[in-house]
1. Report the dimensions of the protein assembly as shown along its three principal axes from the alpha-carbon atoms, largest first, rounded to Å.
2. Magnitude of the Cβ-charge dipole of chain A, K/R +1 and D/E -1, about the Cα centre, nearest 20 debye?
3. How big is chain A by Rg and Dmax over its Cα atoms, in Å?
4. Starting from the Cα gyration tensor of the range A:267-314, multiply each eigenvalue by 5, take the square root, and state the resulting semi-axes largest first in whole Å.
5. Quick check: residue separation of B:D302 and B:T318 times 0.36 nm, minus the Cα distance between them. What number comes out in nm?
6. Note the distances from B:G24 to each other copy's matching label point, with points 7 Å along the Cα-to-beta-carbon direction, in nm, sorted shortest first.
7. So what J values fall out for the range A:94-108 if you push phi through Karplus, 6.51 cos²θ - 1.76 cosθ + 1.60 with θ = phi - 60°, rounded to Hz, Gly and Pro as x?
8. Over the range A:133-251, one equal point on each Cα, no solvent: what is log10 I(q)/I(0) by the Debye formula at q = 0.15, 0.19, 0.21 Å⁻¹?
Number of protein chains: 2
Amino acid sequence: MHESGTESGQRSIVTLDDIARRAGVSQPTVSRALADSPLISAKTKARIREIADEAGYQVNLVARSLKTRSTQTLGLVVPQVSNPYFPKLIQCFADTARAAGYHLQLQLSGADQEAEAACLGYLREVRVDGVLIVTSRGGLPARKQAEALLEAGVPVVILGWVEDCEHFDMVMADDAVGGSALAQHLIGLGHTRFGIVGATPHRGHYDRLVGFLAGLSEAGCAAESVDHFPAVSEAEAEEAVDIWLAMPDRPTALFAYRDVLAAYLVKHLTNRGLSVPGDVSIVGFDNLDLATFVNPQLTTVDLPIEALAATAVNQLLTRIAEQPMQAAVRREILTPQLVLRQSSGPPPVSMPCTKENNK
Amino acid sequence: MHESGTESGQRSIVTLDDIARRAGVSQPTVSRALADSPLISAKTKARIREIADEAGYQVNLVARSLKTRSTQTLGLVVPQVSNPYFPKLIQCFADTARAAGYHLQLQLSGADQEAEAACLGYLREVRVDGVLIVTSRGGLPARKQAEALLEAGVPVVILGWVEDCEHFDMVMADDAVGGSALAQHLIGLGHTRFGIVGATPHRGHYDRLVGFLAGLSEAGCAAESVDHFPAVSEAEAEEAVDIWLAMPDRPTALFAYRDVLAAYLVKHLTNRGLSVPGDVSIVGFDNLDLATFVNPQLTTVDLPIEALAATAVNQLLTRIAEQPMQAAVRREILTPQLVLRQSSGPPPVSMPCTKENNK
DNA sequence: AGCTTTCTTGCATACGAATGCAACACCTGC
DNA sequence: GCAGGTGTTGCATTCGTATGCAAGAAAGCT
């Protein structure tokens with residue numbers, strides 16, 4: 001009771017004016033002093049600074065932003081945050097931005113169109129200095145709003161693949177190279193029959209497929225040796241496992257578009273008493289933390305998330321620095337890395353077309 | 001070439017003044033029209049609205065915030081976003097806030113003191129209307145800044161446990177109840193020797209331990225039947241497994257403070273050829289998505305994350321609505337739920353002190 | 001001493017939107 | 001035809017900060 005504590009501390013927002021009054025100078029002088037302007041004498045600065053932080057002054061960034069027409073903030077739009085791929089990206093993006101003196105305004109677009117549009121609208125309303133949009137499943141639902149943002153002079157960068165967008169800057173990983181690397185790896189192990197598990201229209205992950213197939217055909221593998229198993233959810237992955245099990249001449253290696261899918265496959269395969277990679281090799285794509293949690297750990301392709309985030313931030317900063325925004329779009333494509341783990345191995349010795357080892 | 005595209009659209013920011021000019025009215029009239037004020041006639045409103053969205057007008061929220069002294073934004077401080085517990089929380093918090101017309105300003109405190117202080121400082125500078133701080137490992141490193149925030153009239157709510165904080169509103173899950181439920185479950189299965197795996201000083205998860213022990217002693221289980229295995233990282237979890245393996249009279253059930261730890265235990269136990277729950281039962285805490293990815297799926301305690309987030313938002317909104325902030329602190333404690341899965345079962349039939357079944 | 005130069009400070013204003021108050025137009029009733 | 005009301009609109013100002021410009025003080029120069 002000897003201390004006042006949280007009693008009433010309401011609305012005691014200290015402004016430059018308050019400090020000016022206490023210091024007996026004008027408000028602009030305080031502004032300049034705290035900004036360390038060379039116009040102000042050293043001793044005045046010192047005195048004002050002392051008074052300022054004794055009074056617990058904190059800049060009002062909304063006022064400053066209004067005046068300077070800059071929020072020093074970058075908007076980041078991601079579809080969701082439960083998918084472990086995004087947290088990593090957010091973290092890296094935030095770190096790079098902070099290093100450059102920028103703050104982060106995160107928006108969750110939730111993958112449906114209205115939400116993404118709303119996010120972009122909000123980001124425009126709060127006057128962020130630039131926006132990075134991470135595509136969800138290869139789409140850019142709110143393309144219109146994104147273009148409006150650009151036309152309003154706000155730099156926009158797209159992270160990931162999106163079809164038919166001519167005038168956006170982009171940064172992405174070379175999924176084709178990753179897919180190709182996986183194919184070569186599996187062929188090197190001796191596999192000849194392959195399965196591909198993922199969404200059917202392959203939206204967004206199209207290049208993974210293309211790269212994988214290219215890798216196969218480069219090694220002289222016929223296209224007929226590849227089967228497709230459409231699946232996006234866990235249930236569909238389980239179904240895919242059953243379909244695979246029932247095949248007479250089944251693939252000895254399965255390529256899942258995403259680590260999460262690969263993890264589902266491993267789970268349901270082992271549930272059915274099959275061994276990975278003894279009976280079948282599984283490879284994924286993304287290299288999520290998840291990939292090391294499943295047993296066996298997943299062979300996969302590591303997306304260079306830190307590099308992607310850093311590149312995106314730099315592209316935005318470059319655009320922001322350009323006084324009139326240049327017309328030419330910029331694209332950067334980074335190369336992912338193959339990560340070998342335990343889920344891939346040589347095919348079973350006996351020919352898999354006979355069902356003898358299925359019992 | 002028939003279309004101009006992204007040519008030059010720079011700095012064409014439309015303001016209320018622009019619209020006023022085009023409509024031949026005053027700026028305040030436009031402001032009121034777009035705010036649907038009853039002061040403005042229906043036909044003027046219609047005309048202005050048309051002109052506004054033909055011109056692509058977007059409110060400038062920084063100007064509005066400056067004038068109204070409210071940003072309609074809630075700050076959320078979480079230690080990190082890689083831990084899958086947080087994404088879920090963020091999502092729920094964002095959804096509840098949005099439903100109430102509030103936006104989210106996410107800050108990653110990174111668990112070290114300066115960072116958390118910087119986050120709170122920034123949130124104060126941008127004038128958020130309220131702040132939810134999610135404690136990292138039971139600490140509130142930037143307590144000073146949090147109190148400064150409160151004294152400046154900004155509502156602050158703490159999510160999670162933090163020792164010795166008298167004047168903060170809080171919302172938390174009843175970890176003790178969860179721990180106790182786990183203990184009862186294991187005892188019901190017939191276990192008599194227990195191991196606890198987690199950080200040694202039990203910072204932040206202290207109640208989980210207390211509840212677990214209380215549950216045991218309630219069932220008449222002696223305290224000597226409990227061993228502690230300090231571990232926070234994966235490496236330490238592996239070490240714990242080895243120590244456990246070497247014990248003459250080892251526990252038949254292991255309680256990990258966090259699902260992630262439990263997952264590590266399962267992984268390294270099965271790596272060493274042991275069966276879960278055949279040889280040893282494992283239980284976790286948190287009910288992350290991860291818990292269903294590991295094999296066997298984890299028996300754990302489900303934290304009511306949605307409810308926690310919603311409660312926190314409501315506490316903040318209540319505080320914001322209070323004109324002078326009331327002095328009395330508010331605390332809400334929610335009850336978690338036991339989730340039974342495959343990682344727990346009856347103890348092995350042969351006494352585990354003999355090593356016969358270890359081969 | 002008078003004048004220019006260099007420092008330091010204050011004045012005025014702008015950023016874009018919201019709002020109390022005054023002013024004007026219109027309609028009604030006498 | 002004029003007082004009083006009602007319904008719309010404009011004027012003036014405010015939020016807190018930044019900055020171009022003028023003004024004043026101090027100092028150096030002839």
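Readers should treat all values here as calculations from the given coordinates under stated rules, not as data from a laboratory. Here the structure is a predicted model, which is why all the values come from computation and not from measurement. Quick reminder, even Gly has a Cβ in these numbers, built from the backbone with ideal geometry, and neighbours come from all protein chains shown.
1. That gives 86, 76, 55 Å along the principal axes, largest extent first.
2. Numbers: 31 positive and 41 negative charges, 248 e Å.
Dipole magnitude for chain A comes out near 1200 debye.
3. Rg then Dmax for chain A, in Å: 27.4, 94.
4. Details: eigenvalues 191, 16, 8 Å².
Largest first, the range A:267-314 gives 31, 9, 6 Å.
5. Separation in residues times 0.36 nm, less the Cα-Cα distance, equals 3.1 nm.
6. 5.8
7. 4, 5, 5, 4, 4, 4, 9, x, 10, 9, 10, 10, 8, 10, 9
8. For the range A:133-251, the Cα-only Debye profile gives -0.78, -1.02, -1.14.
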